[in-house]
Amino acid sequence: MSRPSDVYLFGTCLVDLFMPDAGMDAITLLETLGIRVHFPQAQSCCGQPAYTSGHPREARDVARSQLDLFPGDWPIVVPSGSCGGMLKHHWPTLFAGEPEQERVVAIAARVVEFSDFLLNHLDWQPVDTGPATRVAVHTSCSARREMNVHTTSWALVDRLANVTRVVHDHESECCGFGGTFSIKHPDIAGAMVTDKARALEDSGAIEFVTADAGCLMNINGKLALDKATPLRGKHLASFLLERTGGKS
Amino acid sequence: MNSQPVTLYPSRQFKDNARAALADTELRGSLRSAMDFLMAKRSSAFPDTDELDALRTLGEAIRQRCLSRLPELLEQLEERLTANGVTVHWAETPAQANAIIHGLVAARNGTLMVKGKSMVSEEIELNHHLEAHGIQALESDMGEYIVQMAGEKPTHIIMPAIHKTKAQIARLFHEKLPDTPYTEDVDALIRIGRNALREAYLQADVGLSGVNFAVAETGTLCLVENEGNGRMCTTVPDLHIAITGIEKVVEKLEDVVPLYSLLTRSAIGQPITTYFNMISGPRRPGEKDGPREVHLVLLDNGRSQAYADQQLRKTLQCIRCGACMNHCPVYSRIGGHAYGTTYPGPIGEIISPHLLGLENTRDLPTASSLCGACGEVCPVRIPIPEMLMRLREESQRPAGEAVDHPLRGQGAAASTTEALAWRAWRRVYASPGTYRLFGWSATRLRALTPPTQAGWTQNHVPMTPAPKTLHELVREREARRKES
Ligand code: SF4
C-alpha cells in the first residue's frame, strides 16, 4: 500500500470530549512519521449512537453534516474501531437510496482504522525507548468483526522490543459497552465489564491498551470504581507514542 | 410427572429475570463452562477457515433460495407428502396447531404421547394443552426429559438442560423417580432415564417429533438427533405427528447435505449425528414396522410477518443450531430462562418479536451490545446485529406511523423522552456551531458533572468531560505553530 503524504483525522465524539489526549497523541505520532494530519474543525460524530439505538433518521442527519469535511482524496484515519466500522460499513447502508449515496460510498472506501493504518499503510517500525513492561490488549468487537483488524494492535505492540504482550482470559469477548446497551441493561453490561476487568487484572499485565475509545471508557470507568486495582488502560496511540519517546 | 407449566418467566420481566440470573453463582458457573466447551467443540469442528467460509456462503445461499420460493415450495411439499401418504395440516396460530394435534390424538382415544425434541411444540405449549385434556405428553430427549421432570422449560434450543449441574440432575432423579438411588455418574443417570422411557414407547398411542428439514422435491421429513429417541417416537407408536415452522422447507435432497453438516458442526462440533432419520410416509403394505399414520403440522405463528419484509426475512434462514447462543456474552451470563421466550439468546431476540409481538418482547432487541459474535458464527450468515438494530427502530417507531410492513407491537418501546433526547442530540451534533458551543460548555462545566448518571454509574465512575476538547487542543496547537 502506498504511503500517503496527508491524512484526515476523524477524532470521534468520545475522544473529542472525554479523551482528547488520545486524539492528540494519534496526530503527533502520525506527524513524527512525516504525515500531514488534517483535522476538520466542523467534525462531530459519525452518528453511531443514534444508529445503533434504532434512530437512523437522526443518525443520517448527523452523518450528512460530516460529508463535506473530507474534500481531498486522502485516507480518513479513525482512532476507534467502532466509529471506523460505522463510517466504513454502516454509512453506505444508512445512505442507500439517498442522493448522497455515491459520495458516501467513496468516503467509506477511504476510511482506515488507526492501528491498521500504522501497520499496513505505514509499516511502522518503532524504536522502543521505554522500560520493560507487560501489556494486555483489548480489541473492540467492531475492530475484530467489522474492520477485520483484530491482529493489528497485537502486531504493533509486538514490534516494541521491551514490551511483553500478555493474553487475557476470554480475550475476544466483548467488554459490555455497546453504547446505550450499558445504560439500558446495566446489570448485564455490568457483569460483562466486571469479567473483562477481572480477566485483565488476572493476566498479570501492568497496563492494557485498546484502540477503541468506547471500550477504554467502559473498562477504565469500571476499574476506577473498584479502586482496589492500580490497573488502567491507555489508548493504543498514547501508548505507542509514549514508548517511542514522542510524548512531551 | 408434572405437567408443563405455563410461561414461568414472562419476557416482559426480562430485566428482573436477568438480574436474578446474574446473581445465581451456580448458574453462572455452569453456563460459562458449558458455553466455553461448546465454543471449543465448534471451533475444532471447523479447522479449515476457508472451508468454513465457503460452506457458510453455500448454506446462506441455499436458505435464501428456498425462502425466496417459499410459497411454491410449501405447495410442492404438501403435494409430495400427500402422495407419500402423509397428511398435511396448516396452522396459523399455536391454538390452531394444538387443536389439530389434540384432534388427532383424541380421534384414537389416545392417552399417552411420547415426544422427540421439538422446539415448535414448546412454542405452542403443546404439553400443557394436551394435559389439560387428559393426555400425557412425555419428553424422551434426555435434556427435555430432565427439564420436564423439573417442571421447567428448556434454556437452550439444542441442550435443554444445559443450565443444570450433575448434582441437580442426580437429586431430581432421586426425588422424582421411584426406587432411584442418588448418583452423579452420568452414564448411570442416562441409563435410569432410558429405562424409564423404554416402557413408554411401547405404551404410547402417538409419537411426536419436530422436523429439521422438510424436502419439497421428495416429500421427506429429515430429523437430526443423537439419542435414538427420535427414531423410537417416529416408528414405534401407530400414529406419528410431526410439527414444524413453515420456514423449514428446502427445495431438494441435495440442499440437506451442507445444511446438515453446518448444523451438527456449529451446534456441538459433531461431524455428523448418531441418527439421521428420513421419514417419507407411513408403513407400507408388507413392511414390518413404522407408524400406520403420519401427519405434518406446518405452523406460521408470526413467521409470515418476518417473511413479508425483505430484510427481516433473513431471520427465517435459521437452522436452529444454537451457535449464536453459545457464543453470546449475554446469553452465557443469564441463560435461557431469563428471556422468557421459547427461543432465547440472539436468535430468540430476533425471532420472538414476530412470534409474540414487540409489545411482549420490548426489552429483547436492546439486550445486546451488538458485539457481533452471533453473526460471526451463524452457519447461514444471518446478520443478527443488523436485525436487532432494525427491531430497535421498529419498536421505537411511533405506533401510528404508516409503513409498508408494520410489525405487531410497532412502537412498543417508543418513549417521548428518548425521542426528544435523540432530536436534541441531532440538533447539537449536526451543526458545527452548536457542537462547538456544546463542547466548550461541557468542558468548562465539567465540575458540575452529575455524580450519578442513569445506568452508567451503577458500574462506572461518572463520565467526566476533559478540560478541553480535541477540537480546542488542535486549534491551540495550530495557533502556537503560526506564532513560532
Ligand atoms: S441464528 Fe444462526 S447461529 Fe443462531 S441458531 Fe439460527 S442458524 Fe444457528
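The values are calculated or read from the model by the stated rules, or taken from the named source; none is laboratory data. Keep in mind that this is a model prediction, so the values were computed, not measured. Neighbour counts are summed over all protein chains in view; Cβ atoms, including those assigned to glycine, are modelled from backbone coordinates with ideal geometry. Accessible surface is based on the protein model in full, side chains and every heavy atom, while ligands, DNA and RNA are left aside. Shrake-Rupley method; radii C 1.70, N 1.55, O 1.52, S 1.80 Å.
A compact table of results
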quantity	calculated
Conditions (1) open to solvent by less than 40 Å² (accessible area, probe 1.4 Å); (2) within 16 Å of the ligand (Cβ to nearest atom): number failed by B:Leu296	(2)
Per-region count, segment B:363-391, residues within 11 Å of another protein chain (Cβ to nearest Cβ) and either within 12 Å of the ligand (Cβ to nearest atom) or open to solvent by 10 Å² or more (accessible area, probe 1.4 Å) (or both)	18
Hey, B:Ile162 farther than 26 Å from B:Gly357 by Cα, buried (at least 21 other Cβ atoms within 10 Å of the Cβ) and at pLDDT below 95 or not	yes
Test: residue in segment A:217-226 that is at negative phi, out of contact with any Leu (no Cβ under 9 Å at 6 or more places or on another chain) and away from chain B (no Cβ under 14 Å)	no
Enumeration of residues in segment B:94-113 that are touching a strand residue (DSSP E or B) at 6+ places or on another chain (Cβ under 9 Å), open to solvent by 40 Å² or more (accessible area, probe 1.4 Å) and closer than 15 Å to B:His128 by Cβ	B:Ala99
Qualifying residue in segment B:413-427 (condition: open to solvent by less than 20 Å² (accessible area, probe 1.4 Å), touching a residue at least 24 places away in the same chain (Cβ under 8 Å) and either within 11 Å of chain A (Cβ to nearest Cβ) or away from the ligand (no atom under 16 Å from the Cβ) (or both))	no
Options A:Asp169, A:Asp187; residue that is assigned to a helix (DSSP H, G or I), within 14 Å of chain B (Cβ to nearest Cβ) and under 30 Å from B:Ala23 (Cα atoms)	A:Asp187
Subset tally (residues that are assigned to a helix (DSSP H, G or I) and more than 10 Å from the ligand (Cβ to nearest atom)) for segment B:335-346	3
Tabulated pairs, segment B:360-381, first under 17 Å from A:Pro186 (Cβ atoms), second open to solvent by 10 Å² or more (accessible area, probe 1.4 Å) and within 14 Å of the ligand (Cβ to nearest atom), C-beta under 6 angstrom, 6+ apart or interchain	B:Leu370/B:Pro385
Hey, B:Glu349 at pLDDT 95 or above, within 15 Å of the ligand (Cβ to nearest atom), open to solvent by 10 Å² or more (accessible area, probe 1.4 Å) and among the charged types (D, E, K, R) or not	no
Options B:Gly290, B:Gly281: the member that is free of Cβ contacts under 8 Å to residues at least 60 places away in the same chain, away from chain A (no Cβ under 13 Å) and farther than 22 Å from B:Arg63 by Cα	B:Gly290
Set B:Ala267, B:Ala323: member being crowded, with 23+ Cβ neighbours inside 10 Å, under 17 Å from the mean Cα position of the chain (by Cα) and closer than 23 Å to B:Cys233 by Cα	B:Ala267
Pairs where the first residue, in segment B:135-159, is closer than 21 Å to B:Thr111 by Cα and the second is aromatic (Phe, Trp, Tyr) and modelled with pLDDT of 95 or more, C-beta under 7 Å, 6+ apart	B:Glu139/B:Tyr145
Any hit, segment B:463-483, residues being within 39 Å of the chain's Cα centre (by Cα) and facing another protein chain (nearest Cβ under 8 Å)	yes
Residue count, segment A:201-230 (criterion: in contact with a helix residue (DSSP H, G or I) (Cβ under 7 Å, 6 or more places away or on another chain) and surrounded by 20 or more Cβ atoms within 10 Å (Cβ to Cβ))	12
Selection status of A:Asp25, among the charged types (D, E, K, R), within 19 Å of the chain's Cα centre (by Cα), open to solvent by less than 30 Å² (accessible area, probe 1.4 Å) and within 7 Å of chain B (Cβ to nearest Cβ)	no
Residue in segment B:316-334 that is farthest from the other protein chains (Cβ to nearest Cβ), counting only those that are part of a helix (DSSP H, G or I) and within 8 Å of the ligand (Cβ to nearest atom)	B:Gln317
Within segment B:352-362, considering residues that are of a type outside the set (A, V, I, L, M) and within 13 Å of chain A (Cβ to nearest Cβ), the one nearest to the ligand (Cβ to nearest atom)	B:Pro353
Verdict on B:Leu259 being within 16 Å of the ligand (Cβ to nearest atom) and in contact with a strand residue (DSSP E or B) (Cβ under 9 Å, 6 or more places away or on another chain)	yes
Where B:Gly455 falls short, out of the listed (1) of a type outside the set (Lys, Arg); (2) without any contact (Cβ under 8 Å) to a residue 24 or more places away in the chain; (3) more than 8 Å from chain A (Cβ to nearest Cβ); (4) over 24 Å from A:Arg64 (Cα atoms)	(3)
